[in-house]
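Asks: Structure provided below as structure tokens; questions to follow.
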Amino acid sequence: MKRIIWRSLLAFFCIGHVYAQPARIAPPPARKLYHGFYFNRPGTDEYDPTEHDVTPQDVARYEQAVGKKAAWIYFSDNWFESPKFPAAMCNWIRDLGTIPYVRLMLRSDVGQKHPEKKFSLQKIIAGDFDVDLRTWAHEAKNFGSPILIEWGTEPNGNWFSWNGKWNGGAIEGPARYVAAYRHIVDLMRAEGADNLQWVWHINWYDEPEAKWNAFKNYFPGENYCDWVALSAYGPLTPGTDEGLESFRFKIDEAYPRLTKIAPNKPIIIAEFGCDLHNRHVDATRWATAALEDLFSNRWPAVIGFCWWNEGWQNDDHKKHDTDMIIAHDADLTRAFHDEFAQHAKKIQEMPIEMTKHE
């Protein structure tokens, strides 16, 4: 009953901001962390993951399993499906008393490692999609309550089409990304969508590992992001012998680089995960160590984290499928539940809202 009342009060509070000063999500109190939820159905012969098919039932099952409420629900808004603001999804997320976190994905498909066919950086900069972007921003403004939003996820990784490799290379690539990023943010701010809270999200390592592709070269500037974010995965397939380093190793590598270029920004681990069946790394041990380090305040600027609950096919052999869904492994589920229980006082479940100028 207390949980239902709390959710109702938060939903009412959020709705009240439609006509008031746009609200923002404040960092949690010192030494406390938010935690978010991402989920997508595993890919099969008949289904390709879209990164947005999470349901309220998925959220309820997850929260019951880990014993804590998620502060945000993370999902992709794919423009190859529709350029419209995902109002229905944002509304049910708000109705649960949590925050929509939107990956604004201007892309032609979910494929990777190829140039963008339609939504190229040059076309974004030239204003080819301004009408749709303005409409999206107008609808976001009408939504009224806070939305976490990112565009240009992991730009220092060549798997995404906005990486410099696909946009002019070393000479022009990162600069085009920055120009496109600023164009989108400027346009949406001009529409008055001040409830959008911008997250600049990079990968922990640069691929390709070259000076021109260092993630600092993609930084849009402190005025163009409210928070910054990292991805840091363990091995992503059952058989790979790459990415075996610990979560601690990866964040220790990226954290000082990130805090140097954005010293005043809160950091979230927007994505982390490990394949459940990798033959070299035990996912439960990897995750437990990661959570222990997060709760230890080893990285003081980090204010939250989100595990990537997804699975997909890699080839025609089922035993090669990737699976990172916590609920698919009893030991991993128990590890999250036990870590959350042990560090219960360090988890900030209720998102803390403040007006923009507080």
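The values are calculated or read from the model by the stated rules, or taken from the named source; none is laboratory data. None of these values were measured; they are calculated from a predicted model. Positions of Cβ are backbone-derived with ideal geometry, glycine not excepted, and every protein chain shown enters the neighbour counts. The area values use the complete protein model at the heavy-atom level, side chains included, leaving out ligands, DNA and RNA. Shrake-Rupley method; radii C 1.70, N 1.55, O 1.52, S 1.80 Å.
Asks: Pick out the one residue from Lys141, Lys123, Lys117 that is modelled with pLDDT of 95 or more, over 14 Å from Ala180 (Cα atoms), of a type in the set (Lys, Arg) and surrounded by fewer than 22 Cβ atoms within 10 Å (Cβ to Cβ).
Replies: Lys141
Asks: Given (1) in contact with a strand residue (DSSP E or B) (Cβ under 9 Å, 6 or more places away or on another chain); (2) open to solvent by 10 Å² or more (accessible area, probe 1.4 Å); (3) not polar (S, T, N, Q), identify the lone condition not met by Asp130.
Replies: (1)
Asks: Going by the conditions given, is Ser82 modelled with pLDDT of 95 or more, of a type in the set (Gly, Ala, Ser) and in contact with a His (Cβ under 8 Å, 6 or more places away or on another chain)?
Replies: For Ser82, the condition - modelled with pLDDT of 95 or more, of a type in the set (Gly, Ala, Ser) and in contact with a His (Cβ under 8 Å, 6 or more places away or on another chain) - is not met.
Okay, residues lined up against (1) more than 27 Å from Glu353 (Cα to Cα); (2) not in a helix (DSSP H, G or I):
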site: Lys141; (1), (2): no, no
site: Pro155; (1), (2): yes, yes
site: Trp159; (1), (2): yes, yes
site: Ala175; (1), (2): yes, no
site: Ala179; (1), (2): yes, no
site: Leu187; (1), (2): no, no
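Asks: Which condition number in (1) closer than 17 Å to Trp308 by Cβ; (2) open to solvent by less than 30 Å² (accessible area, probe 1.4 Å); (3) part of a loop (DSSP other than H, G, I, E, B); (4) touching a residue at least 40 places away in the same chain (Cβ under 8 Å) is the one that Gly243 fails?
Replies: (4)
Asks: Cβ contacts < 8 Å: first residue open to solvent by 30 Å² or more (accessible area, probe 1.4 Å), restricted to segment 206-235; second residue among the hydroxyl-bearing types (Ser, Thr, Tyr), any location; separation 6+ or different chain. Result?
Replies: Correct list of pairs: Tyr224/Tyr181.
Asks: Please determine, by comparing only the residues of segment 301-321 that are part of a loop (DSSP other than H, G, I, E, B) and farther than 30 Å from Pro256 by Cβ, which one is least open to solvent (accessible area, probe 1.4 Å).
Replies: Applying the filter and picking the extreme gives Asp321.
Asks: From Ala179, Ala232, Ala214, Ala193, which residue is out of contact with any strand residue (DSSP E or B) (no Cβ under 8 Å at 6 or more places or on another chain) and closer than 22 Å to Phe247 by Cβ?
Replies: Ala214
Asks: Collect the residues in segment 246-255 that are open to solvent by 70 Å² or more (accessible area, probe 1.4 Å) and either closer than 15 Å to His201 by Cα or basic (Lys, Arg) (or both), keeping them in residue-number order.
Replies: Correct list: Arg248 only.
Asks: Let me ask something else about it. Kindly indicate whether any position in segment 168-175 is under 17 Å from Ile268 (Cα atoms), in contact with a Phe, Trp or Tyr (Cβ under 9 Å, 6 or more places away or on another chain) and either open to solvent by 10 Å² or more (accessible area, probe 1.4 Å) or in contact (Cβ under 8 Å) with a residue 24 or more places away in the chain (or both).
Replies: There is no residue in segment 168-175 that is under 17 Å from Ile268 (Cα atoms), in contact with a Phe, Trp or Tyr (Cβ under 9 Å, 6 or more places away or on another chain) and either open to solvent by 10 Å² or more (accessible area, probe 1.4 Å) or in contact (Cβ under 8 Å) with a residue 24 or more places away in the chain (or both).
Asks: Another question, then. Do you know which residues across segment 144-161 are farther than 20 Å from Ile268 by Cβ and open to solvent by 10 Å² or more (accessible area, probe 1.4 Å)?
Replies: Asn158, Trp159, Ser161
Asks: Also: With assigned to a helix (DSSP H, G or I) and open to solvent by 50 Å² or more (accessible area, probe 1.4 Å) as the only criterion, which of Arg279, Arg334, Arg298 stands out?
Replies: Arg334
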